[in-house]
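Please treat every number below as a calculation from the coordinates, not as lab data. All values derive from a computational prediction rather than experimental measurement. Virtual Cβ from ideal backbone geometry, glycine too; neighbours counted across all protein chains shown.
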Amino acid sequence: MHPPASSHTCRIALLVLLLIALAGPAAVQARQDDPTPMPLPTPLAEEGAPVVVNGRELFRLQTRVGSITATERAALVADHISRLANNPFTGELTVTVVDTENATDIVIGDEVLVSVSDADAAAEGRERQELAQEWAAIIQTVVAEGQTSVGVSVLGAGLGITLAVLLALFVFLWLINRFGNWLVDKLDPSTESGRLPPTLANSEIYQSGQFSRFVRVLLRLFKVILAIFLITVAIPIILRGFPQTRDLGTRLRELLLSPLAKLWDGLVTFLPDLAFVLVLAALTWLITRLIRIFFREVERGVLRLPSFEPEWANFTGRMIAILVMIAAVIIGFTSLPISQLPVFQGVSAFLALLLTLASSSAIANIIAGIILTYTGAFRFGEIVCIQTTTGEVVGKYLLTTRVRTFKNEVVSFPNSLVLSNSVTNYSRLARESGLALYTTVTIGYDVPWRQVHELLIGAALDTPDVLKEPAPFVLQKALNDYNVSYELNALTRKPELLPSLYSALHRHIQDRFAAAGVEIMSPTYTALRDGNDPTLPPAASGE
């Protein structure tokens, strides 16, 4: 006996459900295991040649007529419609649809703008009459808009824009020319220099007229470049004021603005780095300003630092400010994108190598200058003797020390040389206890030593700028074969007058000894004697 049909159907349904249940997880697992994404459908490119009038696409032609391709047909149709739409004197135009034997013509008056064939309708999947009506409505709208845009009011507005642009361009160029002429006349050395800095007004390059000629050439070049730029900007604005030339003006504007847009994009990209550099520069200026103010107060004695001399303040402040600026330059440059370019990296490596090879002596002088500053061997304005040069210290720099001699000669010593030689400072104690002037004379044994002392001390007291207290004194340095060496010592507080003081002292010694009839035996000389008279002075026996 056969089972019922309903029971057989239930078995089949259960079997299908079981297969689906078994296949489901496998399919899901297969989809999970497959990492390859499904490709997105590629959009189909639009077919046919577009009919574009005044920058607006009206419709597309996809078929050819005889030997005329769809692109050629689209260009001819666009030309017909543009001529009618952009002609301000055509009056009101009406687009009509006329059926012919194998096509439907879209006409204005007696001029056929486009013929809609059965092939065009088939390509669009539309009825020929329906497609012609749609295209005619589009053409009617474009023609109406074109006539509105080329009306008298629109042309008048375009003409007004043109005149305004030309007037503004003329006025701007005239102002630039007047300003350039005024600036050149202002910088002409034959005229009043006005508010020019004295350094520039009195310089040789300014007085010779070379500076004004250079400025005149720069101004002419600037005016030419600016005029070209302004004209280039004005032309697209004028062309865009008229419908017939609006497309050309738009293309010229895009051509002009394209490099400016790239420049703007680069500037916008650079703005965060530029802002960081500006903030860094402002902070650097503020820090260096505070450093100068702080050490200026230390130099004036308003602020006191332990074990820090006030005369060190100026040099220390400058050194710290220079180090701060160097650190700021390094940080600012490395933060710029251009620092990563190979050309800058190569230049940096070259400069580092150059400094390494050529700066050994410079570094030695810099270190010596720092040591000389903080050891306090001498200060500005002090009278010193370095090697065989004596004069006033007029410059203390990182690399050199400058001394102005008493003959008004400026001698520069490398700091390393100054550090490796002894320095005699005549001014350090002169203001407090005085500087000793000393000179030696030789007098014969026949002159009493007390008389010699009196004459030498009197000559010292006759000399200006020699201190009365402490009083001058004489030392008997040696008993020579033919004479006695006497050394006169006198104190002064004006070491800057050493040459003139020594000269005056020697003059007064000569005058005193000549008035007393005492012979100065410098240089030593010998005398012939007969051996009868002694060489002792007359008063020596009573002493």
Amide N proximity, the range 415-442 versus L475 label position 7 Å along Cα-to-Cβ, cut-off under 15 Å: 435-441
Taking M325, M521 and counting other C-beta atoms within 10 Å, the order from fewest to most: M325, M521
Spacing of the two label points (7 Å from each Cα toward its C-beta) at A349 and I371, in nm: 3.6
Residue order, fewest to most surrounding Cβ atoms within 10 angstrom, among R493, R431: R431, R493
Summed residue charge, Cβ within 13 Å of I293's Cβ, Lys/Arg positive, Asp/Glu negative: +2
Amide H contacts of T401 (H built 1.01 Å from N, under 5 Å, at least 5 apart or other chain): F413, N415
Phi to ³J(HN,Hα) by Karplus 6.51 cos²θ - 1.76 cosθ + 1.60 over the range 482-493, Hz, x for Gly, Pro: 10, 7, 10, 8, 10, 10, 8, 10, 9, 9, 9, 10
Calculated FRET efficiency for the pair I287/R60, C-beta based, R₀ 51 Å, to 0.05: 0.15
Charge sum, other residues only, whose C-beta stays under 13 Å from V474's C-beta, Lys/Arg counted +1 and Asp/Glu -1: +1
FRET E, pair A514, K407, Förster distance 41 Å, beta-carbon r, rounded to 0.05: 0.90
Length gained when the stretch F308-D462 is fully extended (0.36 nm per residue, less Cα-Cα span): 51.2 nm
Amide proton proximity set for K477, modelled H, under 5 Å, gap of 5+: S485, Y486, E487
Formal net charge of residues neighbouring T492 (Cβ-Cβ distance under 13 Å; K, R +1; D, E -1): 0
Distance histogram for the range 417-478 (every C-alpha pair counted, 5 angstrom bins, percent rounded to whole numbers): 4, 13, 21, 18, 15, 12, 8, 7, 2, 1
Residues E469, E299 arranged by fewest to most Cβ contacts within 10 Å: E469, E299
